[in-house]
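Heads up: the structure comes next, in structure tokens.
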Amino acid sequence: MAAANPITVRLERLYAQWLDFVDDPPARVLRWLIRDDEYRMIETFVALESSEGGRTMDLFVRVTAPFERMASHALELRNELLQTCRDSQDERVTSWAPPPCTRGVHDELVAACDSLIAHIRGHGLAIDHLVIVLLPATIFAQPAWQQWVRDLAVALSGEGATPSDLELDKEAARLRKRFERVKDQLRELARADGLL
């Protein structure tokens with residue numbers, strides 16, 4: 001039996017970690033801690049999932065605005081997201097216009113993401129999640145960046161929101177899929193150990 005391709009193995013590991021992340025509804029921010037030589041693997045995973053051949057129904061959008069000021073970074077990302085959509089080859093995406101800026105620091109970005117998801121789904125494109133991949137070109141201060149990401153996670157949490165029937169149905173379907181995956185993994189482990 002030929003040894004598995006190490007790149008394929010690493011990509012499969014990232015894919016499994018991604019599925020675990022999206023299967024956890026309260027989770028809003030996924031942070032991969034990687035060595036310098038692993039950065040290309042993350043880029044490859046994002047590129048694959050952004051392509052027509054992606055394995056998920058998630059829309060990955062890579063944003064690289066430099067992190068220079070906490071107070072304006074969400075607005076800069078919102079503007080980069082808008083420009084990315086305008087540069088798209090898909091007319092259903094280029095027609096999106098974000099809501100006007102009227103809220104707090106992180107709320108502008110969250111409102112823009114919510115609006116983009118609704119717009120895309122309203123044009124018949126099936127996506128499960130909009131994934132904003134934060135890869136700032138530069139970070140002026142690591143502690144400020146970490147605080148900004150924590151604040152974004154709080155803004156994304158939607159504390160106090162009551163789930164709709166559609167959200168409850170979606171959550172039930174997600175849990176069924178997760179249960180099936182865990183059951184398959186257990187069955188595979190049992191086979192490997194000669195129990196089945």
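Read the figures in this text as sums done on the coordinates, not as results from a lab. This is a predicted model, so every value here is computed, not measured. A quick note on method: Cβ atoms are made from the backbone with ideal geometry, for glycine too, and the neighbour counts reach across all protein chains shown.
With one equal scatterer per alpha carbon and no solvent term, the Debye-computed log10 I(q)/I(0) for region 6-161 at 0.17, 0.19 1/Å reads -1.16, -1.45.
Counting 0.36 nm for each residue step from Arg121 to Ala153 and taking away their Cα separation leaves a gain of 9.2 nm. The ranking of Phe45, Phe21 by Cβ neighbour count inside 10 Å, starting from the fewest, reads Phe21, Phe45. Relative to the longest principal axis of the Cα atoms of the chain, the long axis of helix 142-157 makes an angle of roughly 80 degrees. Going 7 Å from the Cα of Arg181 toward and past its Cβ, which residues in region 38-62 have a backbone nitrogen under 17 Å from where you end up? Taking a point 7 Å out along Cα→Cβ of Arg181, the residues of region 38-62 whose backbone N falls under 17 Å are 45-46, 49-50, 54-60. For Leu189 and Thr8, what is the calculated FRET efficiency with R₀ set at 22 Å and r taken between the beta-carbons, to the nearest 0.05? Step by step, r from the Cβ atoms, then E = 0.60.
Region 72-151: which chymotrypsin sites (Phe, Trp or Tyr not before Pro) are DSSP loop and have at most 14 other beta-carbon atoms within 10 angstrom?
Values: sites: Trp96, Phe140, Trp145, Trp148; in loops: Trp96, Phe140.
Those that pass, being in a loop and sparsely packed, are Phe140.
Taking 0.36 nm per residue of sequence separation and removing the Cα-Cα distance, the Glu38/Thr56 pair yields an extension gain of 4.3 nm.
The C-alpha atoms of the chain define a longest principal axis, and helix 70-86 lies at about 80 degrees to it.
Would you calculate a helix-derived [θ] at 222 nm for the chain, using -39,500 (n - 2.57) for each DSSP H run of n ≥ 4 and dividing by the full residue count, to the nearest 500?
On the way: 7 runs with 110 residues, N = 196.
Theoretical 222 nm ellipticity from helices: -18500 deg cm²/dmol.
Fewest neighbouring Cβ atoms within 10 Å first, the residues Asp90, Asp193 line up as Asp193, Asp90. Look at the dipole of the chain built from charges on Cβ: of Leu195, Trp18, Gln146, the Cα furthest out on the positive end belongs to Leu195. Distance between the 7 Å Cα→Cβ label points at Ser72 and Ser88: 2.7 nm.
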